[in-house]
Every structure is written in C-alpha cells, then in structure tokens.
Amino acid sequence: MINQRLFDHYGIDTAKDLKISKRCPRPYDTVLIDKMGSCYACECQSWLPQSIGNLQIKSLDEIIGSGVRRHLQDSIADGTYRYCNEHQCAYLRSPTMIDGNTEHINHLRLAIDDSCNLRCPSCRTGMIFHKEGSKFDLGVRLADKINDWLQSYEHPIKVHIGSDGDPFASHIYRHFMEKTPVRDNISYSILTNGLMLKDFHQRIPHIMGNLDTLGISIDGATERTYERLRLGGNWEKVIDALECAKTLKNEHGFVFQLHMVVQQDNWREMELMEALAYKYQADRVFFNQIEDWNTGIDMSTQTFQNEDEFKTMIQRLSEKRIAILNLPISVS
C-alpha cells in the first residue's frame, strides 16, 4: 500500500509522531491530479507523496473512496502526521496551522499539463509544450474524465488550474476550460504568468464569471530583472496583464494575487513587487522561497537569506497585510 522508497526519497520519517492536535483538512478535502493521472490527497505531491490511485485506471469516485486515502487520513486523525513532509509543507511550518475536517472534496487541483510559453530557469531547463502526441492525448483524456466527474458532482468545489504550466498557453488546459460544465457549485482558481490573459479570457466567460482567485506569477518588478528570470517573457505584456486583471477584478469580484519566487537575482525588488500589487489592486502578494527543482541552478549561490538587508526588508513586509511570506526567516 505505502511506497516506503518514495518517502525515503523525500527524507520523510514514516515512524515519527509529531503529536499534532489540529487536523489538517487537506487529506480530507483535496485531490491533486498530475500529468500521468496519479492522484494525491494533498495540494502538493512532495508534501504527501503517496498516490491514492490513478485516473487512467480507476474512476475519481473509486480513488476518493480508496483504502490508501483513508490510511493517509488516519495518520492525520491520530496526530502523528507520519507520512507528511514537515520539512516542506507550508502548513506544518506555519505558526498558525489550519484546522478542520470535511466529508467532501472541496478542492480539485489540476497539474495535468506542464506546457508553458516561458522557460524560467527556476522551473525548467527548456521549453515544454504539448500540442500533439501521446502526452497531449493523455492530457485531453484526463481533462475529459475530470469534466465528466464535475458534471455530476453535487457539492461546492473549487477547481485550481495551473502551477505546473500556464493555463492559457496550454492546449490541454484550454480544452478543459472550454469544456468544463456550467454549474453553480463549481468555482475556479487560476495561476498564470499573465502573458495570454488579455487575449484569452473572453473565450472562457463561464470560468471568469465564477472565478474565485486569479494569481499572476512574476519574478521581477522591473523590466530588466523580469526578462532575465522569465525567459521568453515580455515586460510590456505583463503590465498589460496586470491592468487587465485589475479591470476584470472590478468586474467579477475575484481575489487577485501576485506571486514571486524569491531568489538571488530578485530579492532586492520585493518591496517594488509590493508597490506593483498596490498599483494594480492586488489583494495579496506571495513571496515564495526558491526551491531546487533539479533544473541546474547552483543552490549554494542562493545566499540572500544571510543578508541583513534581506532580513530587514522582510521584517518591514511582515507588517503589511498584503504580503504573504513563505520564506525561512523568522520575523517573530
């Protein structure tokens, strides 16, 4: 049932007992589906890396009712959290851990296509784009199976699109969004680099009308830094996207967020990113620590955490309601 070698790979001690009284809701209310159809009872594969089933083989209802999923939930209910990656999970690292329980899936996270119109060094080693072939065909089949399940699902659910690739650049995500059922119980969350937002949003009026959250990921607050870190990007198009997002937010009332992967080449622009968020009426700006995704980046060069200027800056940002700091520096 449990793939011990997988947990060993992530450095997860499955014999541990964290003695946590709060019950994280994610293994109860969330399913993530990756590009191979593997499903996970968490919002990040590396936080709880055991698959609970594969959508190529079983239906989503069968996977949700699987014994593996119940076994993982038991490790939350008993407080041990023995299968969770306490070194990476943002909830376990947070001083105010979420607490809750539910009988139904409230969050469906799609990571079924890593196609993108950018080739950011922090994310990938080159361009990834699937428009035809076996990977494209599989992605479309997964999208159709997910939409078929959503068509009959009766409970309120939020579908999160993106994080592995760009929803508007991906032909698989476009197919999903154009075919998704029109139902009042479904809301959506989109994370995008923004470059195609202005041109594409009119093609998915149902999703825009039921959009709960729009996130735009930008790793630089100036043209020079942005175009160095977001290879293939265009600063003018990003500014157009921010203006478009501001207009759409006022029209539809969704939550608008900016996201920044904080790294050696951009950390000095964190407060400039905050200023961009205010200018374009973003509700939050997330500052996320760069992680090693095996893209060839020498992580030993990412030494900004040791800079006194950096520590002072995040102390100032921690006092701002708009800033969410997912960084390994204590500000208490």
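The values are calculated or read from the model by the stated rules, or taken from the named source; none is laboratory data. Predicted model, so just to flag it, every value in this text is computed and none were measured. Using ideal geometry, Cβ is built from the backbone for each residue, glycine included, and neighbour counts are taken over all protein chains shown.
The set of residues in region 46-81 being touching a residue at least 60 places away in the same chain (Cβ under 8 Å), out of contact with any helix residue (DSSP H, G or I) (no Cβ under 8 Å at 6 or more places or on another chain) and not small (Gly, Ala, Ser) consists of Val68, His71, Thr80. Of the residues contained in region 318-328, none is found to be in contact with a Ser or Thr (Cβ under 6 Å, 6 or more places away or on another chain), at pLDDT below 95, among the aliphatic types (A, V, I, L, M) and not in a strand (DSSP E or B).
Residues in region 119-136 that are in contact (Cβ under 8 Å) with a residue 60 or more places away in the chain and either under 19 Å from Gln302 (Cβ atoms) or in a loop (DSSP other than H, G, I, E, B) (or both): Arg119, Cys120, Pro121, Ser122, Cys123, Arg124, Thr125, Met127.
Filter region 1-37 for residues that are surrounded by fewer than 19 Cβ atoms within 10 Å (Cβ to Cβ) and of a type in the set (S, T, N, Q); which is farthest from Leu72 (Cα to Cα)? The qualifying residue farthest from Leu72 (Cα to Cα) is Ser21. More than 27 Å from Ile207 (Cα to Cα), modelled with pLDDT under 95 and acidic (Asp, Glu): does that describe Glu291? The answer is yes for Glu291.
For Gly165, the conditions (1) at pLDDT 95 or above; (2) crowded, with 22+ Cβ neighbours inside 10 Å; (3) part of a loop (DSSP other than H, G, I, E, B) all hold with the exception of (1). From the list Ile76, Ile112, the one residue that fits, being on the phi < 0 side of the Ramachandran plot and in contact with a Gly (Cβ under 7 Å, 6 or more places away or on another chain), is Ile112. Of the residues making up region 246-267, those that are out of contact with any Lys or Arg (no Cβ under 9 Å at 6 or more places or on another chain) and part of a helix (DSSP H, G or I) number 7.
Which is at negative phi, modelled with pLDDT of 95 or more and surrounded by fewer than 15 Cβ atoms within 10 Å (Cβ to Cβ), of Ser134, Ser187? It is Ser134.
I'd like to check something: does region 27-45 contain any residue that is charged (D, E, K, R), outside the structural domain of Glu291 (by TED's automatic domain parsing), in contact with a Lys or Arg (Cβ under 6 Å, 6 or more places away or on another chain) and farther than 19 Å from Ile157 by Cα? Among the residues of region 27-45, not one is charged (D, E, K, R), outside the structural domain of Glu291 (by TED's automatic domain parsing), in contact with a Lys or Arg (Cβ under 6 Å, 6 or more places away or on another chain) and farther than 19 Å from Ile157 by Cα, which makes the answer no.
Grab the helices (runs of 4 or more DSSP H) fully contained in region 1-110, keeping just those with 2 or more residues being within 18 Å of the chain's Cα centre (by Cα).
26-29, 90-93
Note on region 240-249: among residues that are surrounded by fewer than 18 Cβ atoms within 10 Å (Cβ to Cβ) and charged (D, E, K, R), the one that is farthest from Pro121 (Cα to Cα) is Lys246. Please specify each residue of region 269-317 satisfying the condition of being of a type outside the set (S, T, N, Q) and part of a strand (DSSP E or B). Within region 269-317, Arg284, Val285, Phe286, Phe287 meet the criteria.
Put simply, of His206, His259 the only residue that is in the same structural domain as Ser115 (by TED's automatic domain parsing), in contact with a Phe, Trp or Tyr (Cβ under 6 Å, 6 or more places away or on another chain) and surrounded by 15 or more Cβ atoms within 10 Å (Cβ to Cβ) is His259. Per the listing Lys320, Lys237, Lys279, the residue uniquely under 28 Å from Tyr188 (Cα atoms), surrounded by fewer than 15 Cβ atoms within 10 Å (Cβ to Cβ), assigned by TED's automatic domain parsing to the domain that holds Leu197 and touching a residue at least 40 places away in the same chain (Cβ under 8 Å) is Lys320.
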